[in-house]
Amino acid sequence: MANTARQARGGSREHGRASLANCACEAGPGARKAAGVDPELKDANRKRLRRIEGQIRGLQKMVEEDRYCADIITQVASVQEALRGVARNLMKNHLHHCTVKALESGKKAETEAMYDELLELIYAHLR
């Protein structure tokens, strides 16, 4: 997306990620919060992240102990898949709450900003 179009909607790029001033999830100056969070998804993500944390500690131990490279690579792939699961849950929540709020707002700039944000998420993070 061209910088001029982004600036016209009030957004900018910070640290390589979109910073959309018109996002439905914005809670105040400089703070972005979800429009809503499904408690079951949040609980599932917290549990999954704790398991991932344990897997990462296991990977560190495997590296320290000079374990077989193929075994470490297999465990890295497992962690990556677990993180993709967290991302899928976050995307589901984002679509159910933040995106719906932006699209139903009736504000063209907010709707366009959400479309741009979704495209960026899909292209950059959910491969």
**OP:** Sort out for me the Cα centre separation of segment 85-127 from segment 46-75, rounded to whole Å.
**Re:** 32
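By counting other Cβ atoms within 10 Å of each Cβ, how are 79, 63 ranked from fewest to most? Each step should come with its number before you reach the end.
Numbers: 79 16, 63 11.
The most exposed by this proxy come first: 63, 79.
Quick check on my link table: of 33/108; 42/101; 47/107; 61/92, which ones sit more than 26 Å apart, alpha carbon to alpha carbon? Intermediate results must be reported in sequence, preceding the final value.
Working: 33/108 21 Å; 42/101 19 Å; 47/107 37 Å; 61/92 34 Å.
Violating the 26 Å limit, Cα to Cα: 47/107; 61/92.
No value in this document is a laboratory result; all are computed from the given coordinates. Everything numeric in this text was worked out from a predicted model, so none of it was measured. Neighbour counts are summed over all protein chains in view; Cβ atoms, including those assigned to glycine, are modelled from backbone coordinates with ideal geometry.
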